[in-house]
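The values are calculated or read from the model by the stated rules, or taken from the named source; none is laboratory data. Just so you know, these numbers come straight off a predicted model, no measurement behind them. Using ideal geometry, Cβ is built from the backbone for each residue, glycine included, and neighbour counts are taken over all protein chains shown. Side chains included, ligands, DNA and RNA excluded: accessible areas come from the protein's heavy atoms. Shrake-Rupley method; radii C 1.70, N 1.55, O 1.52, S 1.80 Å.
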Amino acid sequence: MAPAERERDGRLEGARAPRFRLDLPRPPRRKLLPDYDPEAFGRLSERIARFLGTGRFIVWMTVIIIAWVVWNVSAPSSLRFDQYPFIFLTLMLSLQASYAAPLILLAQNRQDDRDKVNLEQDRKQNERSIADTEYLSREVAALRMGLGEVATRDWIRSELQDLLKELEDQRVTFPARSASDAGHGRDVDDR
């Protein structure tokens, strides 16, 4: 085989392993554990944790333990499945506790994640509210400044009343002249 043919074939001279293409994704690896949906598992753990935190669970657990103890104390010896020290009951309770604790922790972690998302959304909403409030306060201040420069009806009325009062004061100080006095009072000769 020629070197060019070996290179096209995917092998280098002396190398036996084929070259992998970097532009293609790797084929999926075989997994030892089965695939599961983490979201579905999380929802299930939350439901279990919610049930473990209720009075109903405590009542059912108490009823089961009392029935277990009564059966294994009062039943005939051949029907008892757990003798007096109740080793099997202890094993079942520890098994239940060993599964309950991680499920409760998983549910709490999911709740913490939701709380973080809600807190972030609340923070962003507060920032938008603050920005809107600042914008509106600037607009109100600009409107107040603009209204301070606008002549209102009351301001015009007070100005006209002041002018009228000044005119009346001038008329009292300088009485009106007659028409014959008007011509003589001029300083026509001074020009």
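So what's the net charge close to GLU46: Lys and Arg +1, Asp and Glu -1, counting the other residues with Cβ under 13 Å from its Cβ? Here the charged neighbours net out to +2. Rounded to the nearest 10 square angstrom, ASP35 shows an accessible area of 130 square angstrom against a 1.4 Å probe. Net charge of the neighbourhood of VAL172, taken over other residues with C-beta under 12 Å away and scored Lys/Arg +1, Asp/Glu -1, is -1.
Neighbours of ARG138 by Cβ distance under 15 Å: Lys/Arg scored +1, Asp/Glu scored -1, total -2.
In terms of accessible area, using a 1.4 Å probe and ignoring ligands and nucleic acids, ARG26, ARG21, ARG80 rank largest first as ARG26, ARG21, ARG80.
FRET efficiency for the pair ALA67 and ARG114, taken as 1/(1 + (r/R0)^6) with r the Cβ-Cβ distance and R0 = 41 Å, rounds to 0.60. Straight-line reach from LYS116: taking Cα to Cα under 16 Å and skipping same-chain neighbours fewer than 8 places apart, the lysines in range are LYS124. The accessible area of MET145, taken with all protein chains in place and a 1.4 Å probe, comes to roughly 130 Å².
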